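Notes to accompany the following structure.
The values are calculated or read from the model by the stated rules, or taken from the named source; none is laboratory data. Since we're looking at a predicted model, the values are computed, not measured. These area figures cover heavy atoms from the full protein model, side chains too; ligands, DNA and RNA do not enter into them. Shrake-Rupley method; radii C 1.70, N 1.55, O 1.52, S 1.80 Å.
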Amino acid sequence: MIKNAVVPVAGLGTRLLPATKSQPKEMLPVAKKPIVQYVVEELAGSGVQEILFVTGRGKDAIENHFDHDPNLLALLSATGKEDLIDELAFENLNTRFLYTRQSVQRGLGDAILCAEPFVAHAPFIVALGDSIIGLQERSTVCARMSEVLERHQAAAVIAVEPTSREQVSLYGVVKPETDGDIFAISDLVEKPTPEDAPSNLTIVGRYVFEPVIFDMIRRLKPDRHLEIGLTEAIRMLCETGHRVMGMKLQPCEPRYDIGNYPSYFETFVEFALADPKYGPRLRERLAGMLAAEED
Ligand code: G1P
């Protein structure tokens, strides 16, 4: 089982302005919890013991969220609000948090390179801080990918999902060698046009890597935006004869992308509707609103 995970959260989140002007996009709420809390709970459920956040300027709120706050606990007890203490149970996850900074925005590949001293020589998970996997059940995709890495002696395993042709240009897209839920990947393209996409299988923001990925990142030259992409580094793994595997998400673990407003709005409503306490009332209210619109 892989013990270390890297969660890159340095991105500026400009696609979600103005909400992200002075707060990290990873701290935007989806129903009751900030997005990044879902990611951390998923990783903890997959057996991860240490999480390194690769942060940047203005991301302090993430660090504060996962820190213990004894004053808040004391206040809740003293004022008889014990029920609210349950809302802070995530503070007791069996996970250690570490933080490092990517001072200059040089792309996702460069952010992962910041984690090299942390992971040392062991395989590690990468989970993007703006994607939630699964609604009702906590996804175990990272644990399953770790097994595939070992079983196939691969250098990387990438989680993917089928996406409509119009949406492929928002994501990295893989070229599978075979059909099936687990397959070898021969090539990858970052944000292709629908015509150039090698398949409809898009990268969902969960990866498992052997440390050889760092060598690939170091060998890459920055692109025209002066960024070093992670997809390009994985592509170089394929080109240099390393085994790269893909794994499809299961139907019970849909992927929620919070990186743009249409998807963020839909995700919020879906999670709010699934809230056991407040969901039923929202459902009624929404039905009323939609019926009134039709009249
Ligand atoms: C990044 C990756 C992309 C992946 C996506 C998943 O893109 O580069 O390959 O499909 O995350 O969310 P970004 O959303 O940072 O532009």
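Enter the mean projected area of the convex hull around the alpha-carbon atoms of the stretch 30-181, in nm², rounded to one decimal.
On the way: hull surface 47.8 nm².
Dividing the Cα hull surface by four gives the mean projection, 11.9 nm².
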| With the calculation restricted to Cα positions, what are the radius of gyration and Dmax of the stretch 1-118 in angstrom? | 15.4, 48
| field | Residues of the chain: accessible area per residue with a 1.4 Å probe, Å² | value | 52 Å²
| task | With 10 Å bins from zero, work out the P(r) of the stretch 100-146 over every alpha carbon pair and list the percent per bin. | result | 20, 44, 29, 7
| message | Over the chain, what is the relative contact order in percent, taking alpha-carbon pairs closer than 8 angstrom and at least six residues apart? | response | 22 percent
| Between the stretch 245-295 and the stretch 173-229, the Cα center-to-center distance that results, in Å | 29 Å
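How high is the relative contact order of the stretch 155-295, given as a whole-number percent (alpha carbon pairs under 8 Å, six or more residues apart)? Display every interim value, and only then the final one.
Working: 208 pairs, mean separation 38.1, N = 141.
Relative contact order comes out at 27 percent.
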| said: Tell me the Rg and the Dmax, in Å, that the Cα atoms of the stretch 62-148 produce. | reply: 17.4, 50
| remark: Here the stretch 115-121 yields Karplus 3J(HN,Hα) values (6.51, -1.76, 1.60; θ = phi - 60°; whole Hz; Gly and Pro given as x) of 8, 4, x, 6, 7, 6, 10
| field | Heavy atoms of Thr193 accessible to a 1.4 Å probe, total area in Å² rounded to 10 | value | 60 Å²
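As an exercise, take the mean of 1/r over every pair of distinct alpha carbons in the stretch 120-169, invert it, and state the Kirkwood radius in angstroms. Show your work: numbers first, answer last.
On the way: mean 1/r = 0.0764 Å⁻¹.
It is 13.1 Å.
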| field | Taking all pairs of distinct alpha-carbon atoms in the chain, Kirkwood radius in angstrom | value | 20.2 Å
| field | Over the stretch 151-294, volume per residue of the alpha carbon convex hull, in Å³ | value | 166 Å³
| In what sequence, largest accessible area first, do Cys142, Cys252, Cys238 appear using a 1.4 Å probe? | Cys252, Cys238, Cys142
